[in-house]
1. Confirm whether residue 222 is touching an Asp or Glu at 6+ places or on another chain (Cβ under 8 Å), in the same structural domain as residue 366 (by TED's automatic domain parsing), under 15 Å from residue 379 (Cβ atoms) and of a type in the set (Ser, Thr, Tyr).
2. Collect the residues in region 157-212 that are crowded, with 19+ Cβ neighbours inside 10 Å, assigned by TED's automatic domain parsing to the domain that holds residue 383 and among the basic types (Lys, Arg), keeping them in residue-number order.
3. Out of all the residues in region 312-339, which are in a loop (DSSP other than H, G, I, E, B) and within 9 Å of the chain's Cα centre (by Cα)?
4. Can residue 438 be described as at pLDDT below 95 and buried (at least 18 other Cβ atoms within 10 Å of the Cβ)?
5. For region 377-398, does any single residue satisfy the condition of being assigned by TED's automatic domain parsing to the domain that holds residue 259, of a type in the set (Phe, Trp, Tyr), under 26 Å from residue 255 (Cα atoms) and modelled with pLDDT of 95 or more?
6. Where the second residue is outside any strand (DSSP E or B) and of a type in the set (S, T, N, Q) and the first is more than 15 Å from residue 109 (Cα to Cα) and lies in region 119-132, which pairs have Cβ atoms under 7 Å and are six or more apart or on separate chains?
7. Of the residues that sit in region 292-348 and are aromatic (Phe, Trp, Tyr) and out of contact with any strand residue (DSSP E or B) (no Cβ under 6 Å at 6 or more places or on another chain), which one is farthest from residue 43 (Cα to Cα)?
8. With the structure loaded, tell me whether residue 204 is within 20 Å of the chain's Cα centre (by Cα) and basic (Lys, Arg) or whether it fails that test.
Amino acid sequence: MGKYETPEAVNALVQPHQVHKDTYIDAEIFDLEMKHLFSNTWVFVGHDSQTSKKGDYITTQIGTQPVIMVRHKDDDIKVLYNRCPHKGTKIAIDRAGNTGKFFRCPYHAWSFKTDGCLLAIPLKKGYAQTKFKESEANKGMQAVGEVKNYRGFVFARLADEGISFEDYFGDSLSSLDNMVDRSPEGRLEVAGPPLRYMHQCNWKMLVDNQTDTCHPMVAHESSAGTAVKIFEEANWPEDKPKPMAMEIIAPFMSPYEFFEEMGIRTWPNGHGHTGVHHSIHSDYSTIPGYTEAMEETYGEERAAEILGENRHNTVYFPNIMIKGPIQQLRNFIPMGPDKTLVESYIYRLVGAPDILTQRTAMYNRLINAPTSMVGHDDLEMYERAQEGLHSQASDWINIERLHEDGEDFEVEAVENGTTERQMRNQMNAWAKFMTLAMGAKEAAE
């Protein structure tokens with residue numbers, strides 16, 4: 001038995017004000033995360049506009065499990081393990097494509113319907129006198145435990161049984177609702193493939209960073225700070241619109257008071273968002289024709305309500321973040337205890353002016369691309385932390401800022417925008433879902 005194979009051992013890693021460094025660097029912990037956490041939670045897979053036609057598919061991962069998201073019928077999306085039930089060969093290796101009416105294994109030409117059911121086997125008579133009909137292989141490509149398409153966003157739970165989608169996300173779905181509602185037609189479409197960027201750090205460092213509001217004015221001073229300084233020295237005319245790039249970059253240098261007042265909201269199961277009252281997206285320029293299109297669909301009052309909600313980063317635990325005001329989603333795919341692939345998607349607001357998509361694309365390139373101005377600041381901090389956590393100086397990571405005894409993570413809360421409550425909320429959910437299956441196993445024994 002490994003060091004952390006019991007619920008007690010895992011729970012001991014998370015204390016009310018600190019977490020053990022092994023949660024970020026230990027290989028056994030990473031393997032247990034893939035086995036338990038990413039199996040028992042609802043994990044983002046893709047957007048249904050990526051598979052708009054029958055036979056369209058994308059390949060991705062849930063944790064380290066390779067899966068295929070495929071359009072089976074007009075309104076039916078399946079998520080299948082990317083594995084042939086015969087010899088285990090990956091069925092698809094392209095990131096996206098159209099398989100037609102069936103998948104065909106490249107090794108022995110077994111074929112499967114797009115819902116995974118076995119379609120045909122060459123020389124099937126060779127199994128006539130065997131127990132093949134009762135075998136796992138005869139069941140075809142295995143589907144994941146459960147799939148939910150929520151307003152175009154497809155999530156899956158690997159485990160056959162567990163917490164429902166609605167109970168897992170609860171009121172946190174309001175952030176996704178707001179992002180979709182910003183379309184005058186109530187629909188989003190993925191705008192091209194994501195930007196992909198490998199990070200040499202643990203996936204949770206990226207998740208933590210999304211609601212860490214005490215670092216922007218420090219870590220980004222060399223990039224955003226320099227851009228702001230150069231812009232100010234250029235004496236830009238006050239009556240001339242500020243360049244889109246500066247609207248995006250400058251708010252990163254907002255003072256602590258700005259982030260304190262913006263607020264942080266947390267929900268049960270590790271979800272939460274910054275930007276309760278305002279955010280770095282609040283003061284973007286008005287887009288001509290957009291408000292009018294929204295008012296025509298929703299009415300003046302409802303349109304103002306939708307557009308007035310400027311949440312900054314919403315974390316959907318375990319591993320995605322969305323930015324509703326600029327229609328962006330970042331997917332933090334764990335590849336190892338010290339390796340994470342980051343995918344940054346942008347979406348088009350159907351029925352809205354194209355310049356909104358242009359702004360979203362510019363934000364993605366400036367902030368999240370491998371060639372970005374700002375993203376490298378964070379990456380350097382992650383890599384320094386990943387290296388530093390291997391030192392013998394301390395076994396613990398402090399997440400105590402604005403901590404109060406007896407915190408209840410089963411209720412929604414709104415607090416000071418620089419609190420680390422959301423980090424504590426995430427780690428509380430981490431321990432909860434890590435030990436869920438362990439506890440069931442112990443009870444059965």
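1. yes
2. Within region 157-212, 182, 204 qualify.
3. Matches in region 312-339: 317, 318, 319.
4. In short, yes.
5. Checked region 377-398: at least one residue is assigned by TED's automatic domain parsing to the domain that holds residue 259, of a type in the set (Phe, Trp, Tyr), under 26 Å from residue 255 (Cα atoms) and modelled with pLDDT of 95 or more.
6. 132/138
7. 298
8. On the way: within 20 Å of the chain's Cα centre (by Cα): yes; basic (Lys, Arg): yes.
Judged against the criteria, residue 204 is a match.
The values are calculated or read from the model by the stated rules, or taken from the named source; none is laboratory data. Note that the structure is predicted; figures quoted are calculated from it, not measured. Virtual Cβ from ideal backbone geometry, glycine too; neighbours counted across all protein chains shown.
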